[in-house]
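To keep things clear, I will list the structure first and then write my remarks on it.
The values are calculated or read from the model by the stated rules, or taken from the named source; none is laboratory data. All values derive from a computational prediction rather than experimental measurement. Cβ coordinates were reconstructed from backbone atoms using ideal geometry, including for glycine residues, and neighbour counts include every protein chain displayed. These area figures cover heavy atoms from the full protein model, side chains too; ligands, DNA and RNA do not enter into them. Shrake-Rupley method; radii C 1.70, N 1.55, O 1.52, S 1.80 Å.
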Number of protein chains: 2
Amino acid sequence: MRKFNLVLITLIMLTWGANALSDSASVDYPTDYRSWQHVKTMVIQPGHPLEDPFGGIHHIYANSKAMAGLSSGTYEGGAVFVFDLLSYVNSDQVIVEADRKRLDVMQYNPDQFSATGGWGYETFVGDSRTERWEQDVVTACYACHIPAKASNYVYSQYRP
Amino acid sequence: MRKFNLVLITLIMLTWGANALSDSASVDYPTDYRSWQHVKTMVIQPGHPLEDPFGGIHHIYANSKAMAGLSSGTYEGGAVFVFDLLSYVNSDQVIVEADRKRLDVMQYNPDQFSATGGWGYETFVGDSRTERWEQDVVTACYACHIPAKASNYVYSQYRP
């Protein structure tokens, strides 16, 4: 019975611990990101290796802490980058922005997100502020950012 | 002699007046526009009717007064929009930003720029903050904005 209690208590603690980790490690929706600094823009067209899922016109936005990090090379907790992916219409030799496909967020907090280089990753579907894309962020996000480890896993450079 | 003096004084006053008008009617370089609100983006490709001179990827930025005007439909003095035109490289199915071609500025001041709908127009060449493009703004800028008179000569709409 004592052994059973020990197992039970251990299980409860593990569950509680996992929940606590899960709760503390969630990435926030970046409410005001459209007023943040526009860093750069790129258009990924059909046939590009990253077309699925990144085909479209995307803008990178950075909050003030992320901008400071782009300059200094080091980041402090709370730095956030947004990858804002829109579909587009390419017609009559002009490319025009259309509906939002997804909003990818990188949020820096080395304690919370130590397993993924200090950055938490999240994808919000379309224009939703609450619907998060079901994904394994390690394989879907972090793995592709590892080659940029020398620049703290950040690919973007500020285009003046 | 009195007649000559009168003509001379008149000429001096006219010259001074023209200079004063010219000085007061100049559009400022928008020093910190890269930190302003990014409104929207468009890509004008080769073969488009506006390719010369607007071919490239352009971003529209608005200062806080211009953003207020986009919402309310009316503008107050000091509202400024920037049309930031970059060349681009289109290769391997990705469009990447390149050198700046020109920076077009719309600055609202109904007293200074009453002849062109209240907006002063200016083009800064490439990355220069001082080199202004030689142009007749009435034909090069204002004429094309007249069809947008109902929205105070502003074409852009904020894309959330």
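What does the accessible area of A:Met42 come to, in Å² to the nearest 10, when a probe of 1.4 Å is used?
40 Å²
Is the C-alpha gyration tensor of region A:96-160 telling us rounded, prolate or oblate? Criteria: a/c under 1.5 is rounded; beyond that, a/b larger than b/c is prolate, otherwise oblate.
oblate
Mind checking Rg over Rh on region B:73-116, alpha carbons, Kirkwood formula for Rh?
1.25
Label position 7 Å from Cα toward Cβ: report the copy-to-copy distances for B:Pro49 in nm, one decimal, ordered from shortest.
Spacings between copies for this position, smallest first, are 4.1 nm.
Please report the equivalent ellipsoid semi-axes of region A:17-131, computed as sqrt(5 x eigenvalue) of the Cα gyration tensor, largest first, in whole Å.
After diagonalising the Cα gyration tensor, the semi-axes are 28, 17, 13 Å.
Do any trypsin sites (Lys or Arg not before Pro) in region A:81-160 lie in a DSSP loop with no more than 15 other beta carbon atoms within 10 Å, and if so, which?
Counting only loop positions with at most 15 other Cβ atoms within 10 Å, the trypsin sites (Lys or Arg not before Pro) in region A:81-160 are A:Arg129.
What is the mean number of Cβ atoms from other protein chains located within 10 Å of the Cβ atom of each residue in peptide A:31-38, rounded to a whole number?
If you average over the peptide's residues, the count of other-chain Cβ atoms is 4.
So which GluC sites (Glu not before Pro) in region B:19-102 end up in coil per DSSP with only 16 or fewer other C-beta atoms within 10 Å?
Passing both the DSSP loop test and the Cβ count: B:Glu76.
What FRET efficiency would be calculated for the residue pair A:Asn90, A:Cys144, taking the C-beta separation as r and a Förster radius of 25 Å, to the nearest 0.05?
Step by step, r from the Cβ atoms, then E = 0.45.
Hey, which residue of B has the C-beta nearest the axis mapping B onto A, and what's the distance in Å?
In chain B, the Cβ lying nearest the symmetry axis toward A is B:His38, 2.
Hey, got a sec? Which chymotrypsin sites (Phe, Trp or Tyr not before Pro) in region A:131-160 land in a DSSP loop and have at most 12 other Cβ atoms within 10 Å?
Hits after loop and neighbour filter: nothing returned.
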